[in-house]
Amino acid sequence: MIRITENYLNLQDSLAESAENAGRDPKTVRLLAVSKKKSIDEILETTLLGQRDFGENVVQESIKKIQSCDRKDLIWHFIGYLQSNKTRAVAEHFQWVHTIDRLKIATRLSKQRPDHFPALNVCIEVNIDGEEQKAGVLPDDVAELARAISTLPRLKLRGLMCLPAIRKSFEGQKKCFSKLRKIKDELNADGLKLDTLSMGMSADYPAAIHEGTTIVRIGTALFGERV
Ligand SMILES: *Cc1c(COP(=O)(O)O)cnc(C)c1O
C-alpha cells in the first residue's frame, strides 16, 4: 500500500518538474490514473491523496468497479477500444471517452447519454503514426470526423488523443506529440473549440508535457506493473 502513495507523490513532483521545464503551469496538466486491472482498494488509496480521474479500458470490468466505488466525486474515463454493442453502458457510467474513431460510435453514445447527465466529454483517437494494426483515425481524416461529432447534441468534443509507437528518444517522442498538437491547432483555427490533448503515458509523459498535453494517462508509474 505504501508503494502507491510513494509513487503518487514522486509522480506529482515529476509532472510538476516537466511542466516547469516546459514553462507551463503544473495545474494545466491533468493526471488520469489508469486503473485498468487494478483493485478498488488501490484506486481508493489514490483518492486519499486527492486523485479523482481514473481511466479504464474494459467495459464490464470497469462498470463493476465504478458501482462498487460508489463515489459521486470520481471522474471515469473510458480509454479502451469501444464496440458498438457496449456504447450504452459507457454512455451511462463514464464522464469521458478518449477513443472515438468512428461516427457510428459517437452517434450511439450521443443517443444513449441519459438526459439527466451533462454531455459526455469525448476525444477523437488519432492513429498518429499511421500504424496498420492500431485503432484511431488517420491524421487526414480527423477534420471530417471532428466536424460531424461537434454537431451531436449529447457529446462535447474536447480534443484529440493518441497512443503513438514506442520511441526511446525524447526528440522522437516530442515530434509525434507535436504533430497531434498541430492537428488540434488547425481544427481550432477552423472554428472548433478543442481544449484537450490526451497524450503521454508512463514512458513518454515528459515529452508530451513539453508539447502541450493537457491529460497524461499514467498507469505503471503510479500503480506498478500490471500482471
Ligand atoms: C494502459 C494505457 C495507458 C497507461 O499506460 P502506462 O504505460 O501503464 O502508463 C495509457 N493509455 C491507454 C490508452 C492505455 O491503454
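Could you estimate the translational diffusion coefficient of the stretch 53-112 from the Stokes-Einstein equation, with Rh from the Kirkwood formula over C-alpha pairs, at 25 °C and 0.890 mPa s, in whole µm²/s? Diffusion coefficient, whole number: 213 µm²/s. Normalised by 2.2 N^0.38 Å, with N the number of residues, the alpha-carbon radius of gyration of the stretch 1-156 equals 1.12.
Of Ala165, Ala135, Ala91, which is the most mobile in a GNM of the chain whose springs link Cα atoms less than 10 angstrom apart? In the Gaussian network model the winner is Ala165.
Around the Cα centre of the chain, unit charges on the Cβ atoms of Lys, Arg, Asp and Glu (plus for the first two, minus for the last two) sum to a dipole of about 640 debye.
Taking the inverse of the mean 1/r over every pair of distinct Cα atoms in the stretch 112-224 gives a Kirkwood hydrodynamic radius of 14.7 Å.
Quick one: with all protein chains in place, what share of the accessible area of the chain is carbon or sulfur, to the nearest percent (1.4 Å probe)?
Percent of accessible area from carbon and sulfur atoms in the chain: 51.
The values are calculated or read from the model by the stated rules, or taken from the named source; none is laboratory data. This structure is a prediction, so every number in the text was calculated from the model and none was measured. Here Cβ is always computed from backbone atoms with ideal geometry, including for glycine, and neighbour counts include all displayed protein chains. Ligands, DNA and RNA are stripped out before the accessible areas are found, and what is left, the full protein with its side chains, is counted by its heavy atoms. Shrake-Rupley method; radii C 1.70, N 1.55, O 1.52, S 1.80 Å.
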